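Take a look at the structure set out below.
Just so it is clear, none of the values below were taken in a lab; they were calculated from the coordinates. What you are looking at is a predicted structure, and each value in this text was computed from that prediction instead of being measured. In this analysis, Cβ positions are derived from the backbone assuming ideal geometry, glycine residues included, and neighbour counts consider all displayed protein chains.
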Protein chains: 2
Amino acid sequence: MKALGKHLLLELNDCDPKLLNDISFIKETMLVAAKAAGATVLGESFHQFSPQGVSGVLIIAESHLTIHTWPEHGYAGADIFTCGTRVKPEKAAEVIIEKLKPVTHALIKLDRGMINKNQKAKG
Amino acid sequence: MKALGKHLLLELNDCDPKLLNDISFIKETMLVAAKAAGATVLGESFHQFSPQGVSGVLIIAESHLTIHTWPEHGYAGADIFTCGTRVKPEKAAEVIIEKLKPVTHALIKLDRGMINKNQKAKG
């Protein structure tokens, strides 16, 4: 068996609310994270919410990175989904943790698309 | 305790490779899914890969939807991340399953951002 995709889910608690509400900082963090992983950014979409909160997605040649922040709760949820062996999603996770400085965090790793090595599509 | 976000992870196996490689079909599927959930689409980014495969993200006012397809393996991985009680991510999942017609699928539901109801950010 092999996994087509690696998916890291980051739960970031007790971050600085000011950082979580700073769209420029969040965007820069995600771009630096993607670069650290060795990913190729193809597209991006970041949004500032009122009264607070930021959402952002990066589509990369190797899948995606996303982040959603709740400054009022000091919480951010980030996802890093990659495929292939060249890109290192753990490096992106390290950057996000280092930049957002959560007091506590959780990192869940999931294998996506488990297939038999010689499995081909039908049809 | 309450969850700030609901995250549905969809594993779609043995889909029709032609559908999985059709960027227009995949984009339409995701937009219909977002609408079915009652989500407000703020941005989108879809990409066709060579020799095959499609990636797409929708950023919504309530978080995001993503999909990545591997036509050569008949597999697609989709994620639906929403916040608030008004939007129904399960409806989006139903649409994606109905349109992509996987022979088998798995649906994993995760609570993201578990907080105490009265928890406020420090700082």
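Could you state, as a whole-number percent, how many of the C-alpha pairs of the protein assembly as shown are farther apart than 25 Å? The partial results should precede the final answer.
Working: 11160 of 30135 pairs.
Taking all Cα-Cα pairs of the protein assembly as shown, the fraction more than 25 Å apart is 37 percent.
For chain B, divide the Cα radius of gyration by the Kirkwood radius and give the resulting Rg/Rh value with two decimals.
Details: Rg = 15.3 Å, Rh = 14.8 Å.
With Rg and the Kirkwood Rh in hand, the quotient comes to 1.03.
Which far-off residues, 5 or more places away or on another chain, put their amide H under 5 Å from the one on B:GLY74, with H placed in the peptide plane?
Under 5 Å from the amide H of B:GLY74 lie the amide H atoms of A:ALA121, each far enough along the sequence or on another chain.
What are the residues whose amide H is under 5 Å from the amide H of B:LEU42, where those residues sit 5 or more places off or on another chain and H is modelled from the backbone?
B:ILE59, B:ILE60, B:ALA61
Using a 10 Å cut-off on Cβ to Cβ distances, tally the other chain neighbours for every residue of B:17-24 and report the average as a whole number. It would help to have the intermediate numbers written out before the result.
On the way: counts 4, 2, 1, 1, 1, 0, 0, 0.
Per residue, the number of nearby Cβ atoms from other chains is 1 on average.
Kindly write out, for segment A:104-109 in residue order, the coupling ³J(HN,Hα) from the Karplus curve 6.51 cos²θ - 1.76 cosθ + 1.60 (θ = phi - 60°), rounded to whole Hz, with x marking Gly and Pro.
Result, rounded to whole Hz: 10, 8, 10, 10, 10, 10.
May I ask you to list the lysines whose Cα is less than 20 Å away from that of B:LYS117, ignoring any residue fewer than eight positions away on the same chain?
B:LYS2, B:LYS6
Averaged over A:84-92, how many beta carbons belonging to a partner chain fall within 10 Å of each residue's beta carbon?
0
Determine the shielding of peptide B:98-111 by partner chains: average, over its residues, the number of Cβ atoms on other chains within 10 angstrom of each Cβ.
Values: counts 0, 0, 0, 0, 0, 1, 0, 0, 1, 0, 1, 0, 5, 1.
Shielding by partners across B:98-111 averages 1.
Could you bin all the Cα-Cα distances of segment A:56-105 into 5 Å bins starting at 0 and give me the percent of pairs in each, rounded to whole numbers?
Bin by bin from 0 Å, the calculated values are 5, 18, 29, 23, 15, 7, 2, 0.
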